[in-house]
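Colleague: My questions all concern the structure below.
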There are 4 protein chains.
Amino acid sequence: MNNPLKPKLQTPIIIVNFKTYSEATGRKAVELAKKAEKVSKETNVNIAVAPQFADIATVAEAVEIPVFAQHIDPITPGSYTGHVLAESVKEAGATGTLINHSERQLKLSDIDAAIKLAREKGLVSCVCANNPSISAAAAALKPDIVSIEPPELIGTGIAVSKAQPEVVTNTVKLVREVNAKVTILCGAGISHGEDVAVALKLGTQGVLVASGIVKAKDPYSILREFAEATKQ
Amino acid sequence: MNNPLKPKLQTPIIIVNFKTYSEATGRKAVELAKKAEKVSKETNVNIAVAPQFADIATVAEAVEIPVFAQHIDPITPGSYTGHVLAESVKEAGATGTLINHSERQLKLSDIDAAIKLAREKGLVSCVCANNPSISAAAAALKPDIVSIEPPELIGTGIAVSKAQPEVVTNTVKLVREVNAKVTILCGAGISHGEDVAVALKLGTQGVLVASGIVKAKDPYSILREFAEATKQ
Amino acid sequence: MNNPLKPKLQTPIIIVNFKTYSEATGRKAVELAKKAEKVSKETNVNIAVAPQFADIATVAEAVEIPVFAQHIDPITPGSYTGHVLAESVKEAGATGTLINHSERQLKLSDIDAAIKLAREKGLVSCVCANNPSISAAAAALKPDIVSIEPPELIGTGIAVSKAQPEVVTNTVKLVREVNAKVTILCGAGISHGEDVAVALKLGTQGVLVASGIVKAKDPYSILREFAEATKQ
Amino acid sequence: MNNPLKPKLQTPIIIVNFKTYSEATGRKAVELAKKAEKVSKETNVNIAVAPQFADIATVAEAVEIPVFAQHIDPITPGSYTGHVLAESVKEAGATGTLINHSERQLKLSDIDAAIKLAREKGLVSCVCANNPSISAAAAALKPDIVSIEPPELIGTGIAVSKAQPEVVTNTVKLVREVNAKVTILCGAGISHGEDVAVALKLGTQGVLVASGIVKAKDPYSILREFAEATKQ
């Protein structure tokens, strides 16, 4: 079941989702990834970046931190024009993948298949979920990471860990009932180091962030603040 | 959380899915439902039928056994042309609904929303799942029923309970780890009374059947055989 | 190609889409359909109603005006649990169907297949489109009706025919370049008789309406106003 | 409407779709693209390659022939995790994109939006269609290229141009009725130079091929044969 090729997951972890933001596309994706790498090296905190598919190769070439795909399709090599093959993102340099992000949701059986594919191909799987019960359902499929992100807070700057701490603690509780080992992240609205510190205190092992870093005036400084906060 | 309007679920239960078979459309749906009702009354076994949306009203008018919708959309009243509203199938006479049948799969978050809607509106929810781990994930969302149906056996006449008993026992095991109360059914290839008896012995509380009944030369006799087999 | 069972389409036509509004679900769907029938008989204007799937049978039983399904799936009888079979809505009493409503959009090849199925089964096909070029594309598939509905105006009470007359005239122009015979409707925001009159003057043969009637305080009066306006 | 950044489309054109074949993933995608470039330079025939998203950057870096994305989503920069942004594939080096391939079909309104995006961003748009009427519908949306590919022949080695010449001629006829300028390709089963020559004689301006090249023992030789055949 385990794949020796798969990197061991170091926690706490901060995953920066580049989405399809113009601030993190193409050449700018590489620049932002380099800032993330700088913070990771300076603080010794595990920081991963999740650029767009077409940027994985150039980003992975440019940095040594983990690179995640934003999605993989539940397919094996063959006739799937326009789909995202696990082998393809892996060969381009990805070492993990988001699955079922709230902006790219999958059928339940496809989440299961994508997790299994990631496991086989040696990719770290991070399944996103909207609420505590969905997080528990996702955890029952035994991915490496489950990330709870209430969609109504995404992009708001209102941190889930501060605005809805009970969502995070309830998620940790329900997830732990079905899966003792899975890494638990939270996301949505994370904008300050304190949001990260609170997230960890509530029982998570890290955060999944996007606009809080990508759209920040000074992504390096904020990410540095996030990384330091994991040590509190 | 519970809805006093929702009928109590009597087990063992046999749910007959009419799919979009011509043998169970329109006038023929009513005829088949009447045969199911006859067997249910003669054997005192709980038998439900799941006709197409447009047949729910006429079937529910014609019989007293439970009528399930084949699907509901995760929506509340409003601007959802062409979608299936829980209130609509309920008012037409449905008392339950299938959710996430392998032929009508949903996103994970939509399964969660549909289960919650069914609970609110007083509909029994039966979530279908392809394999044991997906069944456990579905069970974590706390529906009334989880039904395991390996898609590769659907319509084959090769019963999951006899051909892949380990799938059924593994499902029961994984589901029970996350949910002590949910009713567990199995389906796919169920064609003989013995398939039903074995399914119950493996730890399920009933079966979800389709072609085995709908396409049988004598649906009444086979369904009677199924019902008797639940008593072994 | 033509199906003798298919009713001849009388224009001008007003199609009232019941969506999944609570004001037009179940028993209320029948009441509203009766009001539409009353107006149709009094004014001799063709008015069709498009209730939810589960209401087609009871509505079609209660009124003599045309009943449209809100959607059909591009399937033939078989294993399509939870889908909408043309034969099923036809036997329940529908004589036509919406296809590709902006709230229930389909892949291009499925629109083509659904139109062909409707033709075979004797259902009038009404394909909805978002803008003039999409309307022309839809018209190239030779449905009976094309209806242009700019999504941004749906439900606003701001009538497309008055607020964006150039959208309607441009649609008529582009559609006529590829299809000389198709009936052209417009919709979105139609709330007054004048909106209907203008729509016809711009070259359409009728309107597709929803909230303007369904959510009106007095649907009968407004619909009567619409019907009279077709005669100006 | 026109974008000066968009390359002029030289015909006849051969587009090689790499799909998600293992023979054309990662390092092998670059090797295959180099063979295509070699043939293009030797024969002076326009040959484009359509690798997976994650391979666009490395392929475009390695060759000078046109690189197509296999799909773009109808989105502008923003919160669309896991989707394919036109700007992203363009910056990675793509100069065109397939849209609505039969293995990645889109809603009609999304095809329209994707074509418009491609036009704005300076990408050549190639819309795939299953049959003649769908091809005409696609052509009504004014893409640069329409490609007819009967899905039942894809991957069979039975060439559409030889097995179903009437499909090709009928497509050319219907497409020309609505669009005088669009480039017309055909695909599915193209395996021999003769298939290409026939396709051009039937009125197309090129072919869209996949397994016939990608899975050939000697892709260079077959592609060379295809390119020579365009000169007959």
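Colleague: In the stretch C:55-64, is there at least one residue being modelled with pLDDT of 95 or more, facing another protein chain (nearest Cβ under 7 Å), in contact with a Phe, Trp or Tyr (Cβ under 9 Å, 6 or more places away or on another chain) and within 23 Å of B:D73 (Cβ to Cβ)?
Modeller: yes
Colleague: Something else now. C:K215 passes all but one of (1) within 12 Å of C:E149 (Cβ to Cβ); (2) surrounded by fewer than 24 Cβ atoms within 10 Å (Cβ to Cβ); which number fails?
Modeller: Going through (1) within 12 Å of C:E149 (Cβ to Cβ); (2) surrounded by fewer than 24 Cβ atoms within 10 Å (Cβ to Cβ) one by one, C:K215 breaks only (1).
Colleague: Also: Within the stretch A:68-87, does at least one residue satisfy the condition of being modelled with pLDDT of 95 or more, in contact with a strand residue (DSSP E or B) (Cβ under 6 Å, 6 or more places away or on another chain) and within 26 Å of A:K231 (Cα to Cα)?
Modeller: The answer is yes, given that some residue of the stretch A:68-87 is modelled with pLDDT of 95 or more, in contact with a strand residue (DSSP E or B) (Cβ under 6 Å, 6 or more places away or on another chain) and within 26 Å of A:K231 (Cα to Cα).
Colleague: How many residues are within 18 Å of B:I115 (Cα to Cα) and more than 8 Å from every other protein chain (Cβ to nearest Cβ) if we restrict to the stretch A:125-153? Step through it out loud before you land on a result.
Modeller: Pass one, the stretch A:125-153, residues within 18 Å of B:I115 (Cα to Cα): A:129-138, A:140.
Remaining after also requiring more than 8 Å from every other protein chain (Cβ to nearest Cβ): A:132, A:135.
Total satisfying the criteria: 2.
Colleague: Condition check: out of contact with any Ser or Thr (no Cβ under 9 Å at 6 or more places or on another chain), surrounded by fewer than 22 Cβ atoms within 10 Å (Cβ to Cβ) and more than 27 Å from B:D218 (Cβ to Cβ). Does B:D73 satisfy that?
Modeller: In short, no.
Colleague: Filter the stretch B:1-35 for residues that are at pLDDT 95 or above and of a type in the set (S, T, N, Q) and give the result.
Modeller: Correct list: B:N17, B:T20, B:S22, B:T25.
Colleague: Which of the residues spanning the stretch D:87-112 are surrounded by fewer than 22 Cβ atoms within 10 Å (Cβ to Cβ), more than 7 Å from every other protein chain (Cβ to nearest Cβ) and not hydroxyl-bearing (S, T, Y)?
Modeller: If the condition is that a residue be surrounded by fewer than 22 Cβ atoms within 10 Å (Cβ to Cβ), more than 7 Å from every other protein chain (Cβ to nearest Cβ) and not hydroxyl-bearing (S, T, Y), then D:G93, D:D110 are the ones that fit.
Colleague: Please go through the stretch A:113-129 and pick out each residue that is crowded, with 24+ Cβ neighbours inside 10 Å and assigned to a loop (DSSP other than H, G, I, E, B).
Modeller: A:L123
Colleague: Sticking with this structure for a sec: For the stretch D:10-28, give me the residue count where each residue is facing chain A (nearest Cβ under 8 Å) and among the polar types (S, T, N, Q).
Modeller: 4
Colleague: How many residues are over 16 Å from the mean Cα position of the chain (by Cα), within 14 Å of chain D (Cβ to nearest Cβ) and among the β-branched types (V, I, T) if we restrict to the stretch C:168-186?
Modeller: Qualifying residue count, the stretch C:168-186: 3.
Colleague: Test each condition in (1) buried (at least 20 other Cβ atoms within 10 Å of the Cβ); (2) under 20 Å from A:L9 (Cβ atoms) for A:S191 and report the one that comes out false.
Modeller: So A:S191 meets the others, but not (2).
Colleague: Answer yes or no as to whether B:T156 is at pLDDT below 95 and more than 9 Å from chain C (Cβ to nearest Cβ).
Modeller: Details: at pLDDT below 95: yes; more than 9 Å from chain C (Cβ to nearest Cβ): yes.
So B:T156 fits the description; yes.
The values are calculated or read from the model by the stated rules, or taken from the named source; none is laboratory data. Please read all numbers here as calculations on a predicted model, not as lab measurements. So basically every Cβ, Gly included, is an ideal-geometry build from the backbone, and we count neighbours across all protein chains shown.
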